[in-house]
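Structure first, then comments.
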Amino acid sequence: MAPVTDVSASRTRIGVLGGTFDPIHHGHLAAASEVCAALRLDQVLIVPTAVQPFKRDSVSASKEHRVAMCEKAVRNDARFEVSTVDIDRGGVTYTVDTLRDLKAQYPSADFFFITGADSLARLSEWKDAEQLGELAQFVGVTRAGHSFPQLETTHRVVEAPSLAISSTDIRRRVRAGVPIRYLMPASVVDYISKHELYLGGLDD
Ligand code: ATP
Ligand code: MG
């Protein structure tokens, strides 16, 4: 008789955290880490968007800078990797395309799309929203200052450490000359200052 094998045990479990990462900060990393542990994921892909549909006017660092900062932020954590799948495809980034491309790249993986409470509240507005559940399980993470929407589509909610950090606030701080150290890895702080990012911009 053939031995009984647990097929699910052999499939890689990959978390996907999409975002503009303009810049990446400890709120992103803590949320990714928490979901990784809670769902026993093998890996979390940090996926910077090309053009985000809801914020076409506000991205203020180039895609090259955003990717470089993500690479620096994940360097010391073997669970995290940066994927440029959205930037390589170009144009407006829709999660349905992200997940389809990642499925083609990792055919034997199960995907868990990680979304903070604020983004999850707009899930129904996402392109091909009804197909998303077939491509990945959606995992909500709590976010300081944002209440959690009640959604049937969410597979699971993970409580992330409550870090009231946002990229918008970081960009404002840089412009105002207020410290940003400790809100993100030191390597990212150094990168921002070396390349003089966020000194001008559109957020105000
Ligand atoms: P911005 O202020 O420019 O919108 P952001 O801080 O919201 O930046 P994004 O790149 O928009 O960062 O977020 C990517 C993903 O990470 C989203 O799903 C968002 O909800 C989640 N996220 C961002 N910051 C936190 C945080 N502090 N805690 C939990 N989730 C977060
Ligand atoms: Mg955001």
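Taking the listed residues ARG156, ARG181, ARG175, the one that is in contact with a strand residue (DSSP E or B) (Cβ under 6 Å, 6 or more places away or on another chain) and more than 21 Å from ASP101 (Cα to Cα) is ARG156, with no other qualifying. Take PHE21 and tell me if it is near ligand 1 (Cβ under 10 Å from one of its atoms) and on the phi > 0 side of the Ramachandran plot. For PHE21, the condition - near ligand 1 (Cβ under 10 Å from one of its atoms) and on the phi > 0 side of the Ramachandran plot - is met. Applying the set (1) modelled with pLDDT under 95; (2) more than 23 Å from VAL35 (Cβ to Cβ); (3) surrounded by 17 or more Cβ atoms within 10 Å (Cβ to Cβ) to HIS65 leaves exactly one unmet item: (1).
For the stretch 133-145, the criterion of being under 26 Å from LEU197 (Cα atoms), within 16 Å of ligand 2 (Cβ to nearest atom) and basic (Lys, Arg) is satisfied by at least one residue. Across the stretch 32-52, not a single residue is classified as at pLDDT below 95 and touching a Pro at 6+ places or on another chain (Cβ under 9 Å). Of all residues in the stretch 68-99, those satisfying the criterion of being assigned to a loop (DSSP other than H, G, I, E, B) and open to solvent by 30 Å² or more (accessible area, probe 1.4 Å) are ARG75, ASN76, ASP77, ALA78, ARG79, THR84, GLY91, TYR94. Just one of the listed residues (LEU102, LEU132, LEU120) is surrounded by 18 or more Cβ atoms within 10 Å (Cβ to Cβ) and at pLDDT 95 or above, and it is LEU102. A Cβ distance below 7 Å, combined with a sequence gap of six or more or placement on separate chains, defines the contacts here; from the stretch 138-163, residues that are at positive phi reach residues that are modelled with pLDDT of 90 or more in the pairs GLY145/ALA164. Does ALA129 satisfy the criteria of being away from ligand 2 (no atom under 16 Å from the Cβ) and in contact (Cβ under 8 Å) with a residue 60 or more places away in the chain? For ALA129, the condition - away from ligand 2 (no atom under 16 Å from the Cβ) and in contact (Cβ under 8 Å) with a residue 60 or more places away in the chain - is not met.
Looking across the stretch 163-192 at every residue that is of a type in the set (Gly, Ala, Ser) and exposed (fewer than 12 other Cβ atoms within 10 Å of the Cβ), the one that is nearest to ligand 2 (Cβ to nearest atom) is identified as ALA164.
The values are calculated or read from the model by the stated rules, or taken from the named source; none is laboratory data. This structure is a prediction, so every number in the text was calculated from the model and none was measured. With ideal geometry, Cβ positions are generated from the backbone for all residues, glycine too; neighbour counts draw on all protein chains shown. Surface areas here come from the heavy atoms of the whole protein model, side chains and all, with no ligands, DNA or RNA. Shrake-Rupley method; radii C 1.70, N 1.55, O 1.52, S 1.80 Å.
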